[in-house]
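Encoded as structure tokens, the structure appears first; notes follow it.
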Number of protein chains: 2
Amino acid sequence: MSRSALQLRSLVSEDNTLTLSLEDVDIPEPGPEEILVQMEAAPLNPSDLALLIGPADVSKAEYSGTAERPVVKAPIPEHLMGMVKARLGQSLAIGNEGAGVVVASGNSDAAKALLGKRVGIVGGDMYSQYRCVHTMMALPLEEGTTSAQGASCFVNPLTSLAMVETMRAEGHTALVHTAAASNLGQMLNRICINEGIDLVNIVRKDEQTAILKEIGAKYIVNSSSDNFYAELTEALVATGATLAFDATGGGELASDILNCMEAAAARNMGEYNRYGSDVYKQLYIYGGLDRSPTVLKRGFGFSWGIGGFLLTPFLAKVGLEKSMEMRAKVAAELQTTFASHYSEEVSLAGALSKEALGRYSQQKTGEKFLINPSA
Amino acid sequence: MSRSALQLRSLVSEDNTLTLSLEDVDIPEPGPEEILVQMEAAPLNPSDLALLIGPADVSKAEYSGTAERPVVKAPIPEHLMGMVKARLGQSLAIGNEGAGVVVASGNSDAAKALLGKRVGIVGGDMYSQYRCVHTMMALPLEEGTTSAQGASCFVNPLTSLAMVETMRAEGHTALVHTAAASNLGQMLNRICINEGIDLVNIVRKDEQTAILKEIGAKYIVNSSSDNFYAELTEALVATGATLAFDATGGGELASDILNCMEAAAARNMGEYNRYGSDVYKQLYIYGGLDRSPTVLKRGFGFSWGIGGFLLTPFLAKVGLEKSMEMRAKVAAELQTTFASHYSEEVSLAGALSKEALGRYSQQKTGEKFLINPSA
């Protein structure tokens, strides 16, 4: 095994330029509790994409370097440089999670037990040929599971489970989810169907409705519909959902959801209350597919909350035992409940090709890339 | 004592008209646990005003009736009728709180003990010559306290105390408050000075800065300043405030506060984190002085929350014992910590005069009306 390997890097420099490249990095020696994983698959999630290309204008990118070592340079509009101030000059590795084979281990029993096994791992820097992590960051994949199948075994599966856990912990009985036909959204549907939880799916396109219908979703509302507001309100009346998870963040969708929840609650109200209903309505923003400001038209009284939602603080809050229980469920249901789908598989170098970058930077419906660092 | 008395009423009818008038209502007989109060003073708070005039265009109001029984009719723009749909055709009494003398009581010891006393009361419908309430809704005023002094002994005092209680309960150590020179804001300053809590006051005008300086406020930031963002960030760094109470609700002020809190937190961060700092930032909207949408420019990561805040649910949550403790503090400090100031006192009929209505409907800085139903 050579002493160095390739890693995909993203750098924002003071001249308003984003540079993407493959760099040589030392292959680390695993510590006692660590394993070294030869990476075979890592998904390109929206949160990875945000770190990878930031606010750069990829349509104006220049492609140079060689086929094995491509270099991409893209301009960042001056008014967006504030967004990346904190990462200026830092060459960042990317990739939240992935999967591969354990090719070396530390001396602890936990580490040695994983040697030769295929694992899903989490912890950043996954767009690398090799990645060294603590054994706690690894989920052993069941026999017969490929790295492609196990590449997304942390973020989406645990986030969808966290949504259901949050629903129960905060006293709600049904859920609303936006961008609902995503891999995560499909997992959430399967969990909710399994557990008999009503889930209101909000999508933007008919083709997304079709995807969800096929997996058995009962409540699907299209935000592009002329009757969106009325249709969402009816679904909320039918389900009693007072908790929403929103992947988009921007625009008026969050506001619409809260206002429709309030309209649903108002159906059961007696006399006029200037402060609105006393039904508590909560919405969590867990993504930023729409970067525009969140616009809240506050017609939903005073009994409401909006907040950011992230998996890591959630896991810290529920504790190790609960987290491990959730992981075990994911491992057991990786090819059913938590199955992921990708539209394209590319190599590290391929991820920096004009064709691939042009496509995934647009985050089109159904486009989901998988990077294979061993290809 | 006559069997009926005057009460101020607000009615929205289907023809897009708001009607304000004084109506005859029966004077109720107090039940065993009730007292009948002859009202002498009731403040016109922004929340009262919202119910009183709703979205009507007061500048186009028509004034009729007699001096004793004025009638005001004002048009409501068609596109705003949705806001008042739930109160259509209901003649509403107004006035959150007030003070007066107990002129009759029920047979319980608690009720009889209040006979002849001057009390502050809460529970709505206070713009009335007489108001019958449960003894639990009354706070006996200390000897020598006038009804004008005791008229605002619930909403503002308990809300300002609730802010400090919330700060402690949710693990914050300092506060931010907007519209900070209000009666409530002044109370909050006095509480915080007494208890050694850092409070960042946000005002819009220099004259408001002067009011707060005079009562000893240390951190005052003017949102009209060209350097507002930098000045607010410095105040947040100095105080470590991660909790804000916002009376305005609309526009970008909430967003600015959260972004400045994040900028303050970022000063202490080491490496770049795409998800922002892990410092939890909370903002509560407790009023709606600015009715425009809340616009959130989400540059503050994922560790944040925004919600509505109302006194009544807060008191229900903390329980009776704590609520009573807070009330006792208000009674003891009504002429110091919890002193209120009014710019004008009007009678029930006077509240419906063109001059008064024209002025208080504009909610100008420093304009605070007190209605005296016995005048």
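The values are calculated or read from the model by the stated rules, or taken from the named source; none is laboratory data. Because the structure is a prediction, the values reported are computed rather than measured. Ideal geometry is used to build each Cβ from the backbone, glycine not excepted, and the neighbour counts take in all protein chains shown. Accessible surface is based on the protein model in full, side chains and every heavy atom, while ligands, DNA and RNA are left aside. Shrake-Rupley method; radii C 1.70, N 1.55, O 1.52, S 1.80 Å.
What to note about this one:
- Looking across segment A:55-111, the residues that are surrounded by fewer than 18 Cβ atoms within 10 Å (Cβ to Cβ), over 27 Å from the mean Cα position of the chain (by Cα) and of a type in the set (A, V, I, L, M, F, W, C) come down to A:67, A:103, A:110.
- When residues of segment A:269-284 are limited to those that are crowded, with 21+ Cβ neighbours inside 10 Å, in contact with a helix residue (DSSP H, G or I) (Cβ under 7 Å, 6 or more places away or on another chain) and not small (Gly, Ala, Ser), the one farthest from residue B:303 (Cα to Cα): A:281
- Filtering B:298, B:267, B:291 for residues that are among the charged types (D, E, K, R) and either touching a Leu at 6+ places or on another chain (Cβ under 8 Å) or under 30 Å from residue B:41 (Cα atoms) (or both) leaves a single hit, B:291.
- Candidate set: segment A:323-346, residues that are hydroxyl-bearing (Ser, Thr, Tyr) and surrounded by 16 or more Cβ atoms within 10 Å (Cβ to Cβ); chosen: the one nearest to the other protein chains (Cβ to nearest Cβ): A:323
- Spans of helices (runs of 4 or more DSSP H) in segment A:128-230 with at least 3 residues over 21 Å from residue A:285 (Cα atoms): A:147-150, A:183-195, A:206-214
- Residues of segment A:109-130 satisfying the condition of being among the small types (Gly, Ala, Ser) and under 16 Å from residue A:28 (Cβ atoms): A:111, A:123, A:124, A:128
- Scan of segment B:31-54 for residues that are open to solvent by 20 Å² or more (accessible area, probe 1.4 Å), more than 14 Å from chain A (Cβ to nearest Cβ) and either of a type in the set (A, V, I, L, M, F, W, C) or touching a Ser or Thr at 6+ places or on another chain (Cβ under 6 Å) (or both), ordered by number: B:32, B:33, B:40
- Residues in segment B:285-299 that are among the hydrophobic types (A, V, I, L, M, F, W, C) and under 19 Å from the mean Cα position of the chain (by Cα): B:285, B:289.
This table checks each residue for (1) closer than 22 Å to residue B:363 by Cβ; (2) crowded, with 19+ Cβ neighbours inside 10 Å; (3) outside the structural domain of residue B:249 (by TED's automatic domain parsing).
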{"position": "B:169", "(1), (2), (3)": "no, no, no"}
{"position": "B:181", "(1), (2), (3)": "yes, yes, no"}
{"position": "B:187", "(1), (2), (3)": "yes, yes, no"}
{"position": "B:195", "(1), (2), (3)": "no, no, no"}
{"position": "B:199", "(1), (2), (3)": "no, yes, no"}
{"position": "B:207", "(1), (2), (3)": "yes, no, no"}
{"position": "B:210", "(1), (2), (3)": "yes, no, no"}
{"position": "B:216", "(1), (2), (3)": "no, no, no"}
{"position": "B:222", "(1), (2), (3)": "yes, no, no"}
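- One residue stands out in segment B:311-322 among those that are open to solvent by 50 Å² or more (accessible area, probe 1.4 Å) and not basic (Lys, Arg): the one that is nearest to residue A:294 (Cα to Cα), namely B:313.
- Looking only at residues of segment A:150-167 that are of a type in the set (A, V, I, L, M) and touching a Phe, Trp or Tyr at 6+ places or on another chain (Cβ under 7 Å), we find that the one that is surrounded by the most Cβ atoms within 10 Å (Cβ to Cβ) is A:163.
- Filter result for residue A:262 (buried (at least 21 other Cβ atoms within 10 Å of the Cβ), of a type outside the set (Val, Ile, Thr) and within 12 Å of chain B (Cβ to nearest Cβ)): yes
- Residues considered: B:32, B:28. Of these, the only one that is in contact with a Leu (Cβ under 8 Å, 6 or more places away or on another chain) and touching a residue at least 12 places away in the same chain (Cβ under 8 Å) is B:28.
- Among the conditions (1) assigned by TED's automatic domain parsing to the domain that holds residue A:45; (2) under 14 Å from residue A:161 (Cβ atoms), residue A:322 misses just one, which is (1).
- Subset of segment B:139-191 (residues that are β-branched (Val, Ile, Thr) and farther than 16 Å from residue B:315 by Cβ): B:145, B:146, B:173, B:176, B:178, B:191
- Here is the figure for segment B:257-273: residues that are assigned to a helix (DSSP H, G or I) and free of Cβ contacts under 8 Å to residues at least 24 places away in the same chain total 2.
Residue-by-condition table, conditions (1) touching a Lys or Arg at 6+ places or on another chain (Cβ under 6 Å); (2) of a type in the set (S, T, N, Q):
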{"position": "B:6", "(1), (2)": "no, no"}
{"position": "B:10", "(1), (2)": "no, yes"}
{"position": "B:17", "(1), (2)": "yes, yes"}
{"position": "B:22", "(1), (2)": "yes, no"}
{"position": "B:43", "(1), (2)": "no, no"}
{"position": "B:56", "(1), (2)": "no, no"}
{"position": "B:59", "(1), (2)": "no, yes"}
{"position": "B:89", "(1), (2)": "no, no"}
{"position": "B:98", "(1), (2)": "no, no"}
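- Unmet criterion (only one of (1) in a strand (DSSP E or B); (2) touching a Phe, Trp or Tyr at 6+ places or on another chain (Cβ under 9 Å)) for residue A:95: (1)
- For residue B:13, the stated conditions do not hold, so it cannot be described as open to solvent by 20 Å² or more (accessible area, probe 1.4 Å), without any contact (Cβ under 8 Å) to a residue 12 or more places away in the chain and of a type outside the set (A, V, I, L, M).
- Within segment B:290-310, the set of residues being under 15 Å from residue B:246 (Cβ atoms), more than 7 Å from every other protein chain (Cβ to nearest Cβ) and open to solvent by 30 Å² or more (accessible area, probe 1.4 Å) comprises B:290, B:291, B:292.
- Of the set (1) closer than 16 Å to residue B:179 by Cβ; (2) of a type in the set (Gly, Ala, Ser); (3) within 14 Å of another protein chain (Cβ to nearest Cβ), all apply to residue B:277 but (1).
- Residue within segment B:225-236 that is free of Cβ contacts under 8 Å to residues at least 24 places away in the same chain, within 22 Å of the chain's Cα centre (by Cα) and over 26 Å from residue B:310 (Cβ atoms) present: no
- None of B:235, B:254, B:244 is buried (at least 18 other Cβ atoms within 10 Å of the Cβ) and not in a helix (DSSP H, G or I) except B:244.
- The C-beta contact set for segment B:86-109 (first residue within 14 Å of chain A (Cβ to nearest Cβ) and under 24 Å from residue B:147 (Cβ atoms), second residue charged (D, E, K, R) and buried (at least 18 other Cβ atoms within 10 Å of the Cβ), distance under 7 angstrom, 6+ apart or interchain) comprises B:92/B:9; B:93/B:9; B:93/B:125; B:94/B:48; B:95/B:48; B:95/B:125; B:96/B:48.
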